[in-house]
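Here is the structure we will look at, set down as structure tokens.
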Amino acid sequence: MKIPSYQMEIEDIFLFLEQKKYHSICITSSNPREGVTSIAQAITERHLLAGYRTLLVDLNFQNPSLIPLTELINKSNIDQHLDSYLTYDAHNKVGLLGTSLMNNKAHIIELRQPHNLKLKIAAWLLEFDKIIIDASPLSQSTLHNIPAHTVASCCDGTILIVLSGQTQQNEIKDAIEKLTAYNAHLIGLVFNDKLQPHIKDEICREIIRCTFLPETITTKLIHFIQHNRFLSILV
């Protein structure tokens with residue numbers, strides 16, 4: 001799912017990060033498929049639009065989101081040591097450069113040590129203004145990835161993504177406790193309401209299902225609901 005970088009919620013996150021002057025941000029969640037990648041890419045794009053040299057780092061090795069440039073370019077015309085990665089959304093014609101370490105197992109083992117990961121982030125910050133890290137879920141700590149709490153402890157701030165209507169309260173509590181135990185700076189929670197449509201949309205959907213209503217009445221009702229200020233209030 002592509003989240004536009006100009007969306008109001010993304011703008012609010014961007015302005016908050018600007019105010020706090022964070023340079024390295026870890027984005028993670030309690031469980032897989034809660035929207036971490038979509039939000040990480042949107043925040044990266046927003047920083048790029050603001051003129052920052054921004055690096056998107058994919059450290060979610062179990063569900064990677066970045067495509068190697070070697071898959072898009074004729075291999076005979078490229079440097080075999082090229083390690084840049086690209087995420088591309090064909091519908092929105094958006095491409096973002098980033099990096100991943102998933103093909104180098106030695107680097108993964110090395111960066112599982114917080115000291116080494118901090119040095120790596122510091123090296124990236126010599127070339128980039130902002131580092132956005134798409135981390136693995138906190139519930140997936142295996143030998144084949146870099147634990148999210150380790151990544152979080154090495155960044156200036158951490159954003160925890162919560163999928164509304166699916167993530168359990170105890171899972172959120174456990175995630176916060178784990179981040180706190182590893183001295184990660186949790187700067188906020190972002191609730192992904194993908195599975196909880198706005199009440200206006202639900203009402204309009206039910207109106208459309210009322211096939212016995214004349215089309216003119218249906219159109220007027222939907223227009224009224226969509227432009228009703230009371231129903232536009234976020235709860």
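Estimated from the Cβ-Cβ distance and a Förster radius of 30 angstrom, the FRET efficiency linking GLU127 and LYS194 is about 0.30. Note on HIS185 and GLU18: the extension gain reaches 58.5 nm, defined as 0.36 nm multiplied by sequence separation minus the Cα-Cα distance.
From the cross-link list LYS120/LYS194; LYS2/LYS105; LYS20/LYS178; LYS2/LYS200, which pairs have alpha carbons spaced over 32 Å apart? Result: LYS120/LYS194 exceed 32 Å.
No lab work stands behind these numbers, since they all come straight from the coordinates. Just so it is clear, the model here is predicted, and its values are computed rather than measured. Reconstructed Cβ throughout: ideal geometry from the backbone, glycine too, with neighbour counts over all protein chains shown.
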